[in-house]
1. For semi-axes √(5λ) of the Cα gyration tensor in Å, which listed value, (1) 63, 20, 13; (2) 26, 22, 16; (3) 45, 18, 14, comes from the coordinates shown?
2. Please identify which residues in region 123-142 have an amide N closer than 18 Å to a label point set 7 Å out from the Cα of Ser111, following the Cα→Cβ vector.
3. When ranked by the protection proxy of mean other Cβ atoms within 10 Å per residue, highest first, what sequence do the peptides 126-135, 98-107 form?
4. Using the Cα centre of the chain as the reference point, and only Cβ charges (+1 on K/R, -1 on D/E), how large is the resulting charge dipole? Debye, rounded to the nearest 20.
5. Rounding to the nearest 10 and keeping the result within 0 to 90°, find how far the Cα-based axis of helix 31-40 lies from the longest principal axis of the chain.
6. Rounded to the nearest 20 Debye, what is the dipole magnitude of region 149-223 about its Cα centre when Lys and Arg each give +1 and Asp and Glu each give -1 at the C-beta?
7. Quick one: compute the contact order of region 10-94, relative version, from alpha carbon pairs under 8 angstrom and 6+ residues apart, as a percent.
8. For the Cα atoms of the chain, what angle does the longest principal axis make with the long axis of helix 9-24, in degrees from 0 to 90, nearest 10?
Amino acid sequence: MSEAKEKDPRLGHRGRLREKFLRHGLEKFTDEEIVELLLTFGTPRKDCKQAARELLKAFGSIRAVFEAELEELGKVKDLGPNNPVAIKFIAAVAGTYLKQGLIGRDYLASSRKVFLYLQHDLENLPKEVFKVIFLDGANGVLGIEDVSRGTVGAADVHPREVIERTLAFHAAGLVFAHNHPSGNVRPSPDDFRLTRQLVHAARLVEANVVDHLIVGKGGAYFSFRDQGHLARFEAEFKQFYYTRD
C-alpha cells in the first residue's frame, strides 16, 4: 500500500465503519452512518459522509431513501451516478429476502414476518397494489403474488384471476393485502364489495379467506378478519347456499 493511501483519512474512516458493523451489526450505527457505509460500496474513492447527510435531509429516513424513485435519488447533491441504482437494488433484495423467508412457514405463527414483508413492500407505494398469499391446508405459505397494480385509489382486481391462481397453487387458504397510498386504512365501499366477492368465490372452490389487510403508513393497518367482516361475509355465503330449499 502506498504512503498516500495509508494517510488517506477516508480509507481509515471506511475501515472503522466496516469494523464497527462486523463487531456490533447495526445496533450502534446512526442512520447517517448506515447510509454512509452503504454508499461506500458504490463510491470507492470518495468521501460519502456528505452524500449520506444529503440523502437523509432530502427524504427524512432510511426507509424513505430506499423507497424513493430513481429520478428523485438522482437529484441529490454529491450522490454520484452509481449509488441510486445500488440503493434500489438493495431495497429490492430486502423485499425478496422477506418474501422468501415466508415460503413454507406457518402463516399464523409467522404473522410478524408477514407484517414486516407487507409493510416493506406496500407501505409507501404511490399506487395501489393488491397481493395474495396462498396457503396450504396447514396454513403453510405456498406463494405470494401481485394480482393487480393500479392507479391511486383503484386497484383493478378480478376475482376470476384470483381463483385461477388459487387453483394453480392448490391453495386451501388465502390472505389478501393491499395498500392505501393516502395512508388512511379505512376500507372504501369498493374494498368491502371486492372482499365479499372474493370470500364467496373462494368458498365455491373450497378455499378459505383467512384475512384481508389494508396497509397504511407508519405501521397502520386494517384487518377485515379482526373487525368481524369476514365472518359476516362467510355467514352470507352459508345462508345463501346451505339454507335454501
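All of the numbers you see were taken from the coordinates with simple rules; none came from a lab. Source: prediction; values computed, not measured. Neighbour counts are summed over all protein chains in view; Cβ atoms, including those assigned to glycine, are modelled from backbone coordinates with ideal geometry.
1. Computing semi-axes √(5λ) of the Cα gyration tensor in Å and matching it to (1) 63, 20, 13; (2) 26, 22, 16; (3) 45, 18, 14 gives (3).
2. Inside the label zone: 133-136, 138-141.
3. Values: 126-135: 20.3, 98-107: 15.3.
Listed from highest to lowest mean packing, they are 126-135, 98-107.
4. Values: 36 positive and 34 negative charges, 127 e Å.
Magnitude of the dipole: close to 600 debye.
5. Result, in degrees: 70.
6. Details: 8 positive and 7 negative charges, 29 e Å.
The dipole magnitude comes to about 140 debye.
7. Details: 71 pairs, mean separation 20.1, N = 85.
Over region 10-94, the number comes to 24 percent.
8. Rounded to the nearest ten degrees, it is 40.
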